[in-house]
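Comments concern the structure below.
Since every read-out is calculated from the coordinates, none of them should be taken as a lab result. Quick caveat, the model's predicted, so the values are computed rather than measured. Cβ atoms come from the backbone with ideal geometry, glycine included; neighbour counts cover every protein chain shown.
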Amino acid sequence: MITDLWYKNAILYCLSVESFMDSDGDGVGDFRGLMRRLDYLHGLGVTAIWLMPFQTSPGRDDGYDVSDYYSVDPRYGTLGDFVEFTQGAKQRGMRVLIDLVVNHTSNEHPWFKAARSDPKSPYRDWYVWSKAKPANADQGMVFPGVQTTTWTWDDVAEAYYFHRFYEFQPDLNTANPRVQAEILKIMGFWIQLGVSGFRMDAVPFVISEKGAKVGKKPVEHFDMLRSFREFLQWRKGDSIILAEANILPKDDMKYFGADGDRMQMMFNFQVNQNLFYALASSDTGPLRTALKQTRPDYDTAQWGLFLRNHDELDLGRLTAGQRQTVFDAFGPDKSMQLYDRGIRRRLAPMLKGDRRMLELAYSVMFTLPGTPVIRYGDEIAMGDDLALPERNCARTPMQWSDEPQAGFSTAKKTFLPVISDSGYDYAHVNVAEQRRDPNSFLNWLERIIRMRQEVPEIGWGEFRIIDIRDAAVLGLRYDWRNNAVLFLHNFHAEGSAVSFRSGPRRGEPGKLVNLLSDDHSEADGDGRHHVTLEPYGYRWYRVGGLDDAVRRTEM
Ligand code: NOJ
């Protein structure tokens, strides 16, 4: 297998232009501001930036309601600024992925306006209509508690239109070949402007059959995924799609494609939820199961791993009991919960700012099978503002310094307020201060990223769960091209003395070389290792008898 699949050993960083850096003092982040921060991202070790939607939008769902796919929202800059930005990223060796939101448009998109006002418009069939109220109108809401229906009456069209999400996000009729052709055109446009691919929004809904008569099991058009990939690879061979698809493990390969011909990457929601359960309960059993269930195909398929993202922490795939355990630990108050299934907080406040747990969570995320995705602000352990509605609580401006507005903007008022009280205020939590402090979380993360980059076995290799009898400790080993690495993570607030064999074969070199400190491990006469882990402790080892921690074999 060729090793130029760049996403196999990438470090992704997700940000929204709006909240990162404001260059013109209007209180809203912009591309010119972001450009000033490219060196920061490069220095952190980021190899690819994922931009959340920045196209023209009424902004009622933070840009996930696009009204012009071929533009930059004027609040963030111009297309010219965008190209300068992708060029700036390229100069520093970083790639750019952008959100592709084509399950739906904004109701202010000209296509929808034309569709509703004229039944004969060629755009009429770009959306999904019904004269009568469909029987399934009160089913399948993505935002329960906020959204009450999936079909809304439109006075102008004199019909109901279908919307999987909010009522201002009418679903595109993605089965229509003209809509499909337009999706390819949108991808082709941004590819020309320098991106390396897309984070595709709501993929299961994009490919699902839509309409008033759809039953409980809608037909899924997987052939669409193949055509997206084929098109992209013709236009630019190394471009990828990272799919947002919160699906059951049994369906994973339908999305990756059994022949590796559909999505290159997907977010691993199954592992994400079970990882939070392990953090909440100290029981890694369900996480081990999730890892086995989602064992990736080691061809071109790759998981995207994350802790928190811009949405709520969705716990919908856990059992009711497991979900309650996570709520009790990390979001006990109703105000911290959202959509009957998740927690809307940022990671640091969920973990009560406990540095040991933060390190554990990141260390695990960086060593699970896949490619890590960091969310802006989490590298300095930013907090949230629960006074803000829904998911906005975790989308506040980046905290750069202790200057007014956290150094994000010179405006009096910013698009969302900066966090200025609680222990997470910008006077205490900011980049400038953490850069100066060698023991800061930011500097710890930078070192871990550097080490993760030197361990490509994780992204490429085959993993095995190490037999460790303590359910609170997860042991993982990866083998690839005659190299092996081994990781231990203790999810318990108490220390744990563990004993294990590093590999399946007796007679393997008995030494585990610690990659993060000089605390190595030698096997006993029986080939077993004995390691005492601190509360929430972790170890990164290279397997072998080498005196140093540097890989010897060519990759
Ligand atoms: C998933 C996105 O992550 C979320 O933020 C958005 O609201 C919905 N898709 C609708 O686009």
Order of His310, His104, His529 under a 10 Å beta carbon neighbour criterion, fewest first
His310, His529, His104
Given the C-alpha atoms of region 110-162, compute the convex hull and give its volume per residue in Å³.
84 Å³
Of the DSSP H helices in the chain, those whose Cα atoms cover at least 20 Å axially and whose Kyte score averages -0.5 or more:
177-192
With contacts defined as alpha carbon pairs under 8 Å and 6 or more residues apart, what's the relative contact order of the chain in percent?
12 percent
Estimated D of the chain in µm² per second, where Rh is the Kirkwood radius over Cα pairs and Stokes-Einstein applies at 4 °C, 1.567 mPa s:
53 µm²/s
Given the C-alpha atoms of region 24-78, compute the convex hull and give its volume per residue in Å³.
97 Å³
Take the alpha-carbon centre of region 369-414, take the same for region 220-288, and report the distance between them in whole Å.
27 Å
Using 0.36 nm per residue, how much length does the chain from Thr410 to Gln87 gain when fully extended, once their Cα-Cα distance is taken away?
113.6 nm
Go through region 125-221 and name the trypsin sites (Lys or Arg not before Pro) that are in a DSSP coil and have 13 or fewer other Cβ atoms within 10 Å of their Cβ.
Lys131, Lys213, Lys216
Per DSSP H run of at least 4 residues, take -39500 (n - 2.57); add these up for the chain, divide by its residues and hand me the 222 nm value, nearest 500 deg cm²/dmol.
-7500 deg cm²/dmol
XL table Lys185/Lys216; Lys250/Lys292; Lys90/Lys236; Lys210/Lys236; Cα-Cα > 21 Å flagged, in table order, is Lys185/Lys216; Lys210/Lys236
Please report, for the Cα atoms of region 64-129, the Rg to one decimal and the Dmax as a whole number; what are they, in angstrom?
16.0, 50
Where does region 77-198 land on the Kirkwood hydrodynamic radius, alpha-carbon pairs, in angstrom?
16.3 Å
Of Met94, Ala432, Ser499, which is farthest along the charge dipole of the chain in the positive direction, counting Lys and Arg as +1 and Asp and Glu as -1 at C-beta?
Ser499
For region 276-417, the Cα convex hull volume per residue in Å³ comes to 128 Å³
All lysines inside 22 Å of Lys352 as judged from Cα atoms, apart from same-chain residues fewer than 8 positions distant:
Lys334
